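Following: one structure in structure tokens, then a few remarks.
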């Protein structure tokens, strides 16, 4: 399974940590385990954190759990290259967003079931009180096995909106309504996601139908448009009828892809 669908309180431990992820990729070398990385950072106090617990949350629960676990570990060297050398800050933030979505089921479902439907309906903001209905559905569907107390529900709701702000989807107004911000998928991110799903072993049709596109606000017909744009730029050849998709992939390795994505 590509992502973890269950709901947990893990968002409390790391949130978006966009800047930290880029710094940790600068430090991380291929073959270095998450525990070794943690020790390197701890001994040198490279992140200037105020406690070992906070450092553990950032390095192990935030960074390593998203990037240094299977099946995503194979992409880590490519991500290191992109996040340390790309000049496109929006693209880099969206790369980190992808792996946060794969790690936190409640964040993924918030975007798919609440955020993007609200955007399409013309809503302007979100409040923490808008999130508990998502938690209730998680109980019904089995994504949350034990009901949370009111205090945990309130905290998790705040974390969901907080990480959405970290990634530029909502404004940063924790005391009240968080305004919905204009957000759009970068072309480079669409290229990365299509090829990443392909490299992870999905069939052409599974790539086009992946629910990960929906977390970025794209419906099936939108995916067809993005694939056609990628074809126009010479990145692949696609035959997509909406009901069946066939793709000829131009790049055969993640390294090839990374060099195309870099300016």
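Any read-out appearing in this document is the output of simple, stated calculations on the displayed coordinates, not a laboratory observation. Since we're looking at a predicted model, the values are computed, not measured. Note: ideal-geometry Cβ built from the backbone for every residue, glycine included; neighbour counts use all protein chains shown.
Ordering 173, 154 from the fewest to the most neighbouring beta carbons within 10 Å gives 173, 154. Restricting the calculation to Cα atoms, the stretch 187-261 yields a radius of gyration followed by a Dmax of 11.1, 32 Å. Computed over the chain with a Gaussian network model linking Cα atoms closer than 10 Å, the most mobile of 109, 130, 150 is 150.
Between residue 53 and residue 260, the modelled label-to-label distance comes to 4.7 nm, taking each label 7 Å out from Cα in the direction of the beta carbon.
Taking the stretch 183-198 and a reference point 7 angstrom along Cα→Cβ of residue 232, the backbone N atoms nearer than 13 Å belong to 187. Extension gain, residue 239 to residue 12: 0.36 nm times the residue separation minus the Cα-Cα distance gives 77.4 nm. Ranked for footprinting exposure by Cβ neighbours inside 10 Å, fewest first, 6, 235 give 6, 235.
Calculated over the stretch 105-179, the projected area of the Cα convex hull averaged across directions stands at 4.7 nm².
Sorted fewest first by neighbouring Cβ atoms within 10 angstrom, 8, 149, 165 come out as 149, 8, 165.
Which log10 I(q)/I(0) values does the stretch 11-88 give at q = 0.26 Å⁻¹ under the Debye formula, counting every alpha carbon as one identical point scatterer? With no solvent term, the Cα-only Debye profile gives -1.39.
Gain on full extension, evaluated as 0.36 nm per residue between residue 3 and residue 123 minus their Cα-Cα distance, stands at 40.4 nm. On a per residue basis, the convex hull of the C-alpha atoms belonging to the stretch 47-93 measures out at 88 Å³.
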